[in-house]
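As C-alpha cells, the structure follows; a few thoughts come after it.
The values are calculated or read from the model by the stated rules, or taken from the named source; none is laboratory data. Owing to the predicted nature of the structure, the values given are computational and were not obtained by experimental measurement. Neighbour counts run over all protein chains shown; Cβ positions are idealised from the backbone, glycine included. Accessible surface is based on the protein model in full, side chains and every heavy atom, while ligands, DNA and RNA are left aside. Shrake-Rupley method; radii C 1.70, N 1.55, O 1.52, S 1.80 Å.
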Amino acid sequence: MRSICSASVMMMTAIISFPAGAQNVGESAEQIRAKWENAHNSGNAKEVAALYSEDAVLLVPNEEQVKGRSSIENLINSQIQEFGLSDLRIITDETQEMGDALYQSGTYTMKAKGPKGTMPVSGDWVTLLKKDADGNWRISRHIWNEDAPEASQQ
C-alpha cells in the first residue's frame, strides 16, 4: 500500500520555479512555495509537475523512483485522487544557493483520507533545484518523508 505521504510529495515541492536573476532567494522561494501549495490544493497535478525539470527524479516513501515530469504528474494526480489530499501547508525552513543549484528543505502538513476518516499528515522534504535552459529554477531532485500517524488514526 502506498504511503499517504507519497501523495504529499507534490505539496512540499512548492519550492520550485522562479526566474533567473531573482535577487532575494528567500522571497522567490516563498513565491514558489505558494505556487506548489495552490496547484496541489486545487488538484492540478499538471501545474505541480511543471515545476520539475524534464529529467527530475522524485523519491517518495514506499514507491520506486519516479523519473521524468510526465511520470511525476501521473503519481501526483493518482495520490491526490486516491488519498483525497487537501489543506496542504508547506513551510520552508532553509534555502541555500550553491553555485548553479539551489537546496531547500522544510516541513509540511495536510489532510488525507484514512481508515477512520480524514486524518492529519505531516513530514519533512528536501529539494535540489537547477536552472533550466530558459534560466528558470526547476526541481531536479525531490525527496520527502512522512511522520508516523498518531495511534488514533491507524
Mind ranking Lys35, Lys116 by accessible surface for me, highest first, 1.4 Å probe? Lys116, Lys35
Once you put a point 7 Å from the Cα of Lys67 and another 7 Å from the Cα of Ala133, both along the Cβ direction, what distance in nm separates them? 2.1 nm
Computed over the range 46-148, Cα set: Rg, Dmax in Å: 14.2, 47
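Equivalent ellipsoid semi-axes for the range 66-124, as square roots of 5 times the alpha carbon gyration tensor eigenvalues: give them largest first, rounded to whole Å. Write out the running numbers ahead of the final one.
Working: eigenvalues 140, 63, 9 Å².
Each semi-axis is √(5λ); the values are 26, 18, 7 Å.
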Please calculate the 1.4 Å probe accessible area of Arg141, with all protein chains present, and give it to the nearest 10 Å². 100 Å²
Not counting ligands, DNA or RNA, and with a 1.4 Å probe, what is Ser42's accessible surface area in Å² rounded to the nearest 10? 80 Å²
Starting from the amide H of Gly84, placed 1.01 Å from N in the peptide plane, find each other amide H under 5 Å away whose residue is 5 or more places distant or on another chain. Lys113
The range 50-154 - percent of accessible surface contributed by carbon and sulfur, probe 1.4 Å: 45 percent
